[in-house]
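Have a look at the structure below before the remarks.
The values are calculated or read from the model by the stated rules, or taken from the named source; none is laboratory data. A quick note: this is a predicted structure, and the numbers were derived from the prediction, not measured. FYI the Cβ positions are ideal-geometry reconstructions off the backbone, even for glycines, and counts take in every protein chain you see.
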Amino acid sequence: MMELCDGAGVPHPTIVSESGRAVVAHHAVIVLNILGVAEFDVGKLPELVPEKVAGVVRNLADTHRDVSRKILLEAYHDALEYKEECLTLFSLGHLSLAERVMAEDFFWAICQKILRLVRELGEVPEDLEGLEKALSDTYFCNFSMFQSLPDSWAIDQLFPILPIHRLNEEPTRRAVLADITCDSDGKIDHFIDRRDVKHVLELHPLTGEDYFIGIFLTGAYQEILGDLHNLFGDTNTVHVTTAAEHGYQIDHVIVGDSVTDVLQYVGYSKDDLVARLRRAVEVSLRQKRLTFEESRNLLRLYEEGLAGYTYLERD
């Protein structure tokens, strides 16, 4: 614009822009804990392939044995061909269930072996680019993508995501992320890479202790766009500012929505719900389907649940 104005002898204008995401995205980060993981695991391979096993299964076993860096593509294409042949034979009744299971185990073991070698290459062959995602784990995250990260789903916005502790350990697992909503779209399988988009995130194996990851640059539009999809409400929020002496200070803590809060949004009253349960409990007591102790525990747990957080909490 400056060059055009200079060329035309026109004074430079004053430009005012609303930079949106570039200005305000940095002010917020989502910190979430991992609830569990579904690991991709190959069944135990037999030490010796039975003599009477189908020839195509033996071919898969031989391919698994011979995989090397020199024949990565050849081994992968052979494995695909043998797997398809196994499925055809099984559907025609010429391959037993045990043989099909063995074939599947050998096929995925071949893919894992190839993937380990591919990670050592400077450039991944196009035919093998999907292996990382196919063999990835699924880490289940204690959040709702539709409430706290809607742009990831709606417009494929990429956010920086990474573990925020155990940073002195090498992340050895490759995973996609899934939230706790009852919706198959509640997952993240596109991540920022150095040059392109990658389909898995490098994470650490779970050890039984809390494991936290951070999702950064969420200060633009995410929380305000979030709705009550699957009835997950606002999250707990902590306001933090930097302080010269102590590094940072916590200014304010805002408690997230309770179950009662969310139910009120959709027209349900806590008092009415408790009263209904109490009447049902009294009927069960008269019919001797519940003891007094059981009825007290049921009412207590119900009221505690209504007062609790909409996200999963550790005991």
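The table below lists the values:
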| quantity | calculated |
| --- | --- |
| Out of Glu99, Glu74, sole residue that is among the charged types (D, E, K, R), within 30 Å of Glu126 (Cα to Cα) and surrounded by 10 or more Cβ atoms within 10 Å (Cβ to Cβ) | Glu74 |
| Given (1) surrounded by 18 or more Cβ atoms within 10 Å (Cβ to Cβ); (2) under 34 Å from the mean Cα position of the chain (by Cα), index of the condition Phe40 fails | (1) |
| Criterion (closer than 30 Å to Asn59 by Cα and at pLDDT 90 or above) met by exactly one of Leu135, Leu87 | Leu87 |
| Selection within segment 27-62 - charged (D, E, K, R) and free of Cβ contacts under 8 Å to residues at least 60 places away in the same chain | Asp41, Glu47, Glu51, Lys52, Arg58, Asp62 |
| Checklist (1) touching a Lys or Arg at 6+ places or on another chain (Cβ under 6 Å); (2) buried (at least 19 other Cβ atoms within 10 Å of the Cβ); (3) aromatic (Phe, Trp, Tyr) applied to Tyr82, failing item | (1) |
| Filtered residues of segment 205-253 (kept if farther than 28 Å from Ser19 by Cα, modelled with pLDDT of 90 or more and of a type in the set (A, V, I, L, M)) | Leu206, Val253 |
| Subset of segment 277-315 (residues that are over 30 Å from Leu35 (Cβ atoms), part of a loop (DSSP other than H, G, I, E, B) and basic (Lys, Arg)) | Lys288, Arg289 |
| Residues that are surrounded by 12 or more Cβ atoms within 10 Å (Cβ to Cβ) and part of a helix (DSSP H, G or I), drawn from segment 223-254 | Glu223, Leu225, His229, Asn230, Leu231 |
| Test: Leu45 is surrounded by fewer than 16 Cβ atoms within 10 Å (Cβ to Cβ) and part of a loop (DSSP other than H, G, I, E, B) | yes |
| Segment 139-157, subset loosely packed, with under 15 Cβ neighbours inside 10 Å and of a type outside the set (Val, Ile, Thr), residue farthest from Tyr309 (Cα to Cα) | Asp156 |
| Test: residue in segment 63-70 that is in contact with a Leu (Cβ under 9 Å, 6 or more places away or on another chain), surrounded by 12 or more Cβ atoms within 10 Å (Cβ to Cβ) and under 13 Å from Phe106 (Cβ atoms) | yes |
| Counted residues, segment 137-154 - those being within 11 Å of the chain's Cα centre (by Cα) and over 25 Å from Glu313 (Cβ atoms) | 0 |
| Segment 1-37: number of residues that are under 19 Å from Ile215 (Cβ atoms) and either surrounded by 13 or more Cβ atoms within 10 Å (Cβ to Cβ) or at pLDDT 90 or above (or both) | 14 |
| Residue count for segment 213-222, restricted to those that are touching a strand residue (DSSP E or B) at 6+ places or on another chain (Cβ under 9 Å) and either loosely packed, with under 14 Cβ neighbours inside 10 Å or farther than 17 Å from Asn33 by Cβ (or both) | 3 |
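One line per residue, one yes/no per condition, for (1) outside the structural domain of Asn142 (by TED's automatic domain parsing); (2) free of Cβ contacts under 8 Å to residues at least 24 places away in the same chain; (3) buried (at least 19 other Cβ atoms within 10 Å of the Cβ); (4) assigned to a strand (DSSP E or B):
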site	(1), (2), (3), (4)
Pro171	no, no, no, no
Ala175	no, no, yes, yes
Cys182	no, no, no, no
Arg195	no, yes, no, no
Gly208	no, yes, no, no
